[in-house]
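See structure below.
The values are calculated or read from the model by the stated rules, or taken from the named source; none is laboratory data. Computed from a prediction, not measured in an experiment: that's the story for all the values here. Please note: Cβ atoms are built from the backbone with ideal geometry, for glycine as well, and neighbour counts cover all protein chains shown.
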């Protein structure tokens, strides 16, 4: 028997369930990007607000391309279980905030209508870095245009993706879709809508058969949409809302509302996401399946600690970076989070430009060492071979997969030329690094060590030579 509204009352008493009616009101939030992260992060914040009696935070969830997930969630009435596991123990919760669902690719008009519904107050997005396309801008503009034409109030449109200044970028994307006939709409957008910047942080691996089996054991019913996450979560959002009273509401649920999102945003991108990318690529090449498998190795843990402390932290404005670093290392080692290295390595060409170059450029400006990032970049080049050190092939899941693998193939015959070609790409490294001779030389050096001796030996050599 599957998890559903009918079976909710049969769940064991230790499983948290929604204490509110889920069909009394229309959703107040349209969320684009109905993946695991949103369902274990913002949806649980909105669930908390609903549980407190504020019925305006139900979600109309939009899968951008995946009808299979939406269909599974529809079959379960939008319900799914989340295993929250950390050093304090394990608990299961069924959030109830997801009330309606559509697929943007096949039900576009329903999504536009949802954005223009009188009950809608917020639009949130987790469409990943590669999802910020002209088509997304057009979809949002069409929904907002319909709102404006209907005489409805403006709303808050909040990006929750790993992009610096994500609110500004989202607003620019929406405006770029406008035509000369949209002058009145653009004035309405500027006057009545808010595009706050935000930073979100919670490790949410893709669901695995192990999690689905654990959910069935804990719940006593089948749940095809179950997730596992950590106890830690953070949502930092700019104090910029269409309805200013939302600030206090969000704070009551544990959200940090601030005028300084940037310091949290850059720390998360460069410390958590930057070291995540490095470990994921190392794991993929060495055949270690999970982040916990990587950080559990003393040499990789030392590498990550030093990467964050020596090359990232000097350029951050977040003052509590040392505590943040230590918490990250503990989180990476959570044995319940089977966080696949290949999942994190997905779309590396879109992620690395946000995560590594700012720290490298900061080190260069200070005349300081960037060896840890140079080794990480060398491992990225090695990763494009598409085969690990045990000879097992893996797929590059990346919008640039074809060009990366074409470059990667050259490693077998002319490795230095391959490295230089990859480092010359401004879409990956920005405008400055491709012409920096010392950076290129160090990546070439570490790439040779990785090819000849392996990733683990290269890390050990780096640790031994830079005390």
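Of all residues being out of contact with any helix residue (DSSP H, G or I) (no Cβ under 9 Å at 6 or more places or on another chain) and part of a loop (DSSP other than H, G, I, E, B) in segment 37-69, which is surrounded by the most Cβ atoms within 10 Å (Cβ to Cβ)? Just the residue, please.
Within segment 37-69, the match that is surrounded by the most Cβ atoms within 10 Å (Cβ to Cβ) is 41.
Let me confirm something: among 322, 377, 330, which residue is surrounded by fewer than 16 Cβ atoms within 10 Å (Cβ to Cβ), assigned to a helix (DSSP H, G or I) and in contact (Cβ under 8 Å) with a residue 40 or more places away in the chain?
Criteria check complete, one pass: 330.
Within segment 421-460, which residues are within 14 Å of residue 282 (Cβ to Cβ) and surrounded by 14 or more Cβ atoms within 10 Å (Cβ to Cβ)?
Scanning segment 421-460 gives 446, 447, 449, 450, 454, 455, 456, 458, 459, 460.
Any idea which of (1) surrounded by 22 or more Cβ atoms within 10 Å (Cβ to Cβ); (2) more than 29 Å from residue 208 (Cα to Cα); (3) in contact with a helix residue (DSSP H, G or I) (Cβ under 7 Å, 6 or more places away or on another chain) is the one residue 306 doesn't satisfy?
(1)
Say we look at segment 95-107 and pick out the residues that are in contact (Cβ under 8 Å) with a residue 12 or more places away in the chain and out of contact with any helix residue (DSSP H, G or I) (no Cβ under 7 Å at 6 or more places or on another chain); which of these is farthest from residue 2 (Cα to Cα)?
105
Going by the structure shown, is residue 196 outside the structural domain of residue 330 (by TED's automatic domain parsing) and buried (at least 20 other Cβ atoms within 10 Å of the Cβ)?
yes
From the list 302, 369, 349, exactly one residue is under 22 Å from the mean Cα position of the chain (by Cα), outside any strand (DSSP E or B) and touching a residue at least 40 places away in the same chain (Cβ under 8 Å). Which is it?
None of the other options fit; the residue is 349.
Any chance segment 359-371 includes a residue that's touching a strand residue (DSSP E or B) at 6+ places or on another chain (Cβ under 8 Å), in the same structural domain as residue 461 (by TED's automatic domain parsing), surrounded by fewer than 18 Cβ atoms within 10 Å (Cβ to Cβ) and at pLDDT 95 or above? Give the derivation first.
Pass one, segment 359-371, residues touching a strand residue (DSSP E or B) at 6+ places or on another chain (Cβ under 8 Å): none.
Among the residues of segment 359-371, not one is touching a strand residue (DSSP E or B) at 6+ places or on another chain (Cβ under 8 Å), in the same structural domain as residue 461 (by TED's automatic domain parsing), surrounded by fewer than 18 Cβ atoms within 10 Å (Cβ to Cβ) and at pLDDT 95 or above, which makes the answer no.
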